[in-house]
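Please read the structure below before turning to the comments.
The values are calculated or read from the model by the stated rules, or taken from the named source; none is laboratory data. In this text the structure is predicted, and so the values were computed from the model without any measurement. Cβ atoms come from the backbone with ideal geometry, glycine included; neighbour counts cover every protein chain shown. Remember, those area values only see protein heavy atoms, side chains included, never the ligands or the DNA or RNA. Shrake-Rupley method; radii C 1.70, N 1.55, O 1.52, S 1.80 Å.
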Amino acid sequence: TLRVVLGAIVGIFCLVGSEWLVRRDQAAAANALAGAGVVILYGATWAAQNLYDLIGTVPAFALMVLITSVCVALAVGRNAPFIAVLGLLGGFATPILVASEVDSPEALFGYILLLDLGLLWLARARGWSLLSILSLGGTALHQALWIFGSMNEERAVLGLGVLAVFGLAFLFFGSGDREPSLLWRATRAGGVAIPFAFALHFAGTIRLAENPWPLGTLLLILSAGACWLARRETQDVATAAAGACLGIMALWFLNQQVSPVLAWQAVVLCVALAALFTVAAEISRRHPGADRLGSAALVSSLGFLALLVLAPTEPQVVKPWPWIAGWAGLAGLLVLHSRWPGRAW
């Protein structure tokens with residue numbers, strides 16, 4: 001108990017002493033001392049809960065959230081990105097440091113989402129783009145720890161929902177400038193790319209991908225976001241998204257024993273994905289990003305047509321009608337796309 005109390009006192013005195021240094025125009029020393037105080041307070045809280053069992057999980061979590069809030073407030077008040085980064089690291093470390101036997105992904109990712117939104121707001125308000133990319137990295141770490149460590153097939157839909165929500169959050173809030181810097185662009189692109197990477201895991205695991213619609217819904221949401229981003233910025237994320245969708249669906253076909261019902265569902269999903277890119281390209285034909293969206297539409301339509309032609313299936317199990325329907329739908333999209341300049345072939 002004495003060790004924890006002394007640690008808390010030292011941490012608080014560091015924060016108070018840093019204010020004294022600020023008044024003496026020693027900002028660098030003040031920020032370093034404040035950072036040391038924050039680290040000591042995190043350590044004292046962790047020790048109280050994990051080493052000595054002095055407090056429970058809920059009080060420890062609340063104290064770490066309070067420390068993170070104080071850290072962010074100091075960063076804003078002093079215009080000190082160094083302190084903000086410490087608060088970010090502490091905020092993402094809190095669920096890991098506070099050990100708990102209760103597996104509650106709703107509470108975990110609700111906390112992470114609030115933390116992300118707060119940090120993205122701070123990054124936009126202060127122009128600290130480093131916070132945005134670090135937030136993305138911390139979020140991806142927690143997603144990986146839960147998906148690969150705790151998630152089971154019963155909660156696969158929840159996992160896909162988490163990926164969709166965070167992908168949209170970083171897509172729409174991960175920008176602070178009309179002409180975003182490299183880190184802002186990386187945050188937005190990463191917000192779409194990371195869920196695609198996790199979707200490969202879902203597609204490659206039979207027990208997580210028996211029903212293609214939850215996975216397909218995620219792909220449709222991410223693809224729509226990629227098309228929106230391609231219209232706003234110069235990144236060719238739409239073509240990359242089309243290729244990712246094609247690869248994920250190909251992996252799904254390779255890992256599934258396709259039944260008649262699954263064949264129809266997969267065909268509808270493939271045509272829907274290609275149609276989304278085609279519609280986005282047609283809407284943007286007079287937009288500066290039209291060429292990028294046109295390439296995405298071509299890649300998706302041709303790629304899914306080839307995939308459905310080569311789809312592994314047994315004729316005695318699945319009749320040819322779903323494949324014929326898919327070929328016809330994708331051929332129609334290609335005929336529509338042939339009206340583009342230079343695409344008559």
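The residues of the chain have, on average, 47 Å² of accessible surface per residue, using a 1.4 Å probe with all protein chains present. Contact order, relative form, for the chain: 10 percent (alpha carbon pairs under 8 Å, 6 or more residues apart, mean separation divided by residue count). If you fit an axis through the alpha-carbon atoms of helix 237-254 and take the longest principal axis of the Cα set of the chain, what angle between them do you get, 0 to 90°, nearest 10? Roughly 70 degrees, rounded to the nearest 10. Our estimate of slack between residue 325 and residue 2, defined as 0.36 nm per intervening residue step minus the Cα-Cα distance, is 108.9 nm. Return one number: the angle in degrees, 0 to 90 and rounded to the nearest 10, between the long axis of the Cα atoms of helix 182-204 and the longest principal axis of the Cα atoms of the chain. In the chain, helix 182-204 runs at an angle near 60 degrees to the longest axis.
In the chain, what percent of the accessible surface is made up of carbon and sulfur (1.4 Å probe, ligands and nucleic acids excluded)? Here it works out to 68 percent.
Look at the alpha carbon pairs under 8 Å that are at least 6 residues apart: their mean separation over the length of the stretch 194-262 gives a relative contact order of 41 percent. Taking the Cα centre of the chain as origin and assigning +1 to Lys and Arg Cβ atoms and -1 to Asp and Glu Cβ atoms, the resulting dipole is close to 980 debye. Between 0 and 90 degrees, the angle of helix 105-126 with respect to the longest Cα principal axis of the chain falls at about 80 degrees. Within the listed set 111, 52, 42, the residue fluctuating most in the Gaussian network model of the chain (springs between alpha-carbon atoms under 10 angstrom) is 52.
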